[in-house]
Amino acid sequence: MKLKEYSKTEPHPSWTEQEKWVWSRISEGEVADFNSSEYYGGKLDPKKPEEWTESRILTPAFLETILLHKPYREALTHHGIVILGAWFKDPIDLSNTTLAHQLIFGISRFDSNVKLNSLRTTHSILLRSSIFSEVVLRGAKIGDQLSMIGSKFTGKLDMDSLEVKNSLTMRGGAEFKEVVLRSAKIGGQTDMTGSKFTGKLEMGSLEANSSLLMSEAEFKEVVLLSAKIGGQLSMIGSKFTGKLDMNSLEVESSLIMRGGAEFKEVDIGSANVGGQTDMTGSKFTGKLEMGSLEANSSLLMSGAEFKEVDLTAAKIGGQLSIIGSKFTGQLIMDSLEAGSHIFMSGGAEFNEVILVAAKIGGGIDISNSKFKSLKMDGTQVKKELRLGSKEHLPTKWDKNSKLMLRNAEVGAIQDLSDAWPDELELVGFTYSQLSGLGAGKSHSMTKKDILGRKVWLNKQKSYSPQPYEQLGKVLREAGYKNEANDILYEGKMRELRESNGLTWMGLFLQLIVVGFGYRYRFAFIWVIALTFIGAFVLRATGQGLANGMPCGFAYSIDMLLPIIRLNESHYTVRLVGFAKYYFYFHIISGYALASFLIAGLSGITKK
């Protein structure tokens, strides 16, 4: 009975004819739609103001009266105010007011500012498919949803510290200039899908309890500094022509930046992403800053284009996939931690890659990709470092490329002979297995395999014994003792080639006498040779016959080897002439041979 009485509330005498008509519609719970009436010009487009007539103009005073003053406010039905196709020429100010009904404007024009500062309502505010100048919702609290689907804002939209209980909808081809959502709190989804932002979008310290959807949209500068997103943050297929600042961002679910999205400068430094971070197939024309990023799941950067990327001290809970991507600038991954594998394969192209002091819980695959340089000093890889295999094409390197593995640790090396660059740094590089050796004794090292490993070690710019010793250790532990000795021998040969002075002389003597401790047969050859030479000298000088030694072989070997005494009478012989002086040399040579032989057996010459 009360509602029926309110429905008969008479229009205010000061109202225009169109305002009286609007009141007659909304007081009956109907939509006041100017576009449905031929009297008001039929369906008009807010983007074509030349077609509009003053018969559609509504005043701010009329709007304030029906929203805030008795008896009109109380005469409104539960449908609230729904006005379509209206024209507001003058500023509207509903700041610090409380609305008891939902407010819906659609396909309308607002030529002046709309101020809704600190407005309170438990209902929805819908500003759809309309044209607005400057709108202020600073500190407003909306108990349901705030929707701006398809609208255009030619001035600033200020929603600083806004609170919306349910969703904030800014999608459907809406156009915005400068937007402020700083410190706003959105209880539901925030949807900007398909919209266009020509000015700065400020969302620093935003708290969105559900997802923030920014897909298939256009943005200039966007700030999400220290924002907290309760669901996913999606930017699929969007375009950013200015900086995207997401430093210290927190995303409970996934951060999705894939699907051909285009970015300029992006900062995700110190961000925390609870789900997957996906940049697959996107393009980054400026620096991508991800230093100290914490991604609890995988970081996917495959099939994308990047300039400079910084992942210093980032923590990736899953895998890091960069398959088939292109980097025109540096890729910095100092102190990176990855819980699973790093894939940098599949035809990817890299300029300079810095992966120093990283910790990788899985393996690293760089097969079938191209590098200018790769620095992995001090990096720890739990599983294999793959540069190619029967199933994977070898890594490609530019001319004069360098791979630095100083003090790096990997579980295994999986490679092909042509998978390494022209220059290597292997000092301190350690590994447990070589490709194929993990299969056990069913795999046999061929001469070609050994030659390939020698070439590999010789790619070091300067000699260091550790890489040779490391390879020798792995071969020896796998059961390839002879092959290990070949590698260690090659290492000493290189040391000889790069030495000079007394060092060269000492190494040369080690080589010719015992083959650096890996060719003991050299010593036996010297023993045989010197024995025959000694016997020949005795015979040629006649000292053998003169001392009752017609052959002289026993005397020659007895004088050569200090550790044996074949005949005590040999030590009472007194030679004269050339034979006397030759056997001084003969005895000294024996001591030298014995010294080198003992040193070789004890490992001194191998150090």
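The values are calculated or read from the model by the stated rules, or taken from the named source; none is laboratory data. Here the structure is a predicted model, which is why all the values come from computation and not from measurement. Every residue, glycine as well, gets a Cβ built from its backbone with ideal geometry; the counts of neighbours run over all protein chains shown.
Looking at (1) under 56 Å from the mean Cα position of the chain (by Cα); (2) modelled with pLDDT of 95 or more; (3) over 19 Å from Thr9 (Cα atoms), which is the one condition that is false for Glu51?
The failed condition is (2).
Give me the pairs: first residue in region 372-383 and on the phi > 0 side of the Ramachandran plot, second residue of a type in the set (Val, Ile, Thr), beta-carbon distance under 8 Å, and six or more apart or on different chains, which are they?
Pairs that qualify, where the first residue is on the phi > 0 side of the Ramachandran plot and the partner is of a type in the set (Val, Ile, Thr), are Gly378/Val356.
With the checklist (1) buried (at least 22 other Cβ atoms within 10 Å of the Cβ); (2) in contact with a Pro (Cβ under 9 Å, 6 or more places away or on another chain) in hand, flag the one item Asn113 doesn't pass.
Among (1) buried (at least 22 other Cβ atoms within 10 Å of the Cβ); (2) in contact with a Pro (Cβ under 9 Å, 6 or more places away or on another chain), the lone unmet condition for Asn113 is (1).
Going through Ile256, Ile322 one at a time, which residue ends up being among the aliphatic types (A, V, I, L, M) and within 30 Å of Val180 (Cβ to Cβ)?
After applying the criteria, what remains is Ile256.
Among the residues of region 202-234, which ones are in a loop (DSSP other than H, G, I, E, B) and of a type in the set (Asp, Glu)?
Those that are in a loop (DSSP other than H, G, I, E, B) and of a type in the set (Asp, Glu): Glu216, Glu221.
Among the numbered conditions (1) among the aromatic types (Phe, Trp, Tyr); (2) more than 30 Å from Arg476 (Cα to Cα); (3) surrounded by 13 or more Cβ atoms within 10 Å (Cβ to Cβ), tell me where Phe522 comes up short.
(2)
Filter region 573-607 down to the residues that are of a type in the set (S, T, N, Q) and modelled with pLDDT under 80 and list them by number.
Ser595, Ser602, Thr605
Of a type in the set (D, E, K, R) and buried (at least 18 other Cβ atoms within 10 Å of the Cβ): does that describe Arg56?
So Arg56 fits the description; yes.
Which one of Gly237, Gly286, Gly281 is of a type in the set (Gly, Ala, Ser), over 23 Å from Gly194 (Cβ atoms) and assigned to a loop (DSSP other than H, G, I, E, B)?
From the options Gly237, Gly286, Gly281, the qualifying one is Gly286.
Does region 262-296 hold any residues that are of a type in the set (Gly, Ala, Ser) and over 21 Å from Lys326 (Cβ atoms), and which are they?
Within region 262-296, Gly269, Ser270, Ala271, Gly274, Gly275, Gly291, Ser292, Ala295 meet the criteria.
Given the criterion surrounded by 19 or more Cβ atoms within 10 Å (Cβ to Cβ), farther than 20 Å from Gly291 by Cα and either of a type outside the set (Lys, Arg) or at pLDDT 95 or above (or both), identify the matching residue among Leu336, Leu320, Leu426.
Unique residue meeting the criteria: Leu426.
If you check every pair at least six apart or on different chains, which have Cβ atoms under 7 Å apart with a residue in region 521-532 that is at negative phi first and a residue that is at pLDDT 80 or above second?
Taking only residues 6 or more apart or on different chains, the pairs are Leu530/His586; Leu530/Ser589; Thr531/Phe553; Thr531/Ser556; Thr531/Ile557.
Taking region 160-199 as the search range and keeping residues that are β-branched (Val, Ile, Thr) and touching a Ser or Thr at 6+ places or on another chain (Cβ under 6 Å), which one is farthest from Lys243 (Cα to Cα)?
Ranking the qualifying residues of region 160-199, first place goes to Thr169.
Could you list all residues from region 341-355 that are over 13 Å from the mean Cα position of the chain (by Cα) and either part of a loop (DSSP other than H, G, I, E, B) or small (Gly, Ala, Ser) (or both)?
Ser345, Gly346, Gly347, Ala348, Asn351
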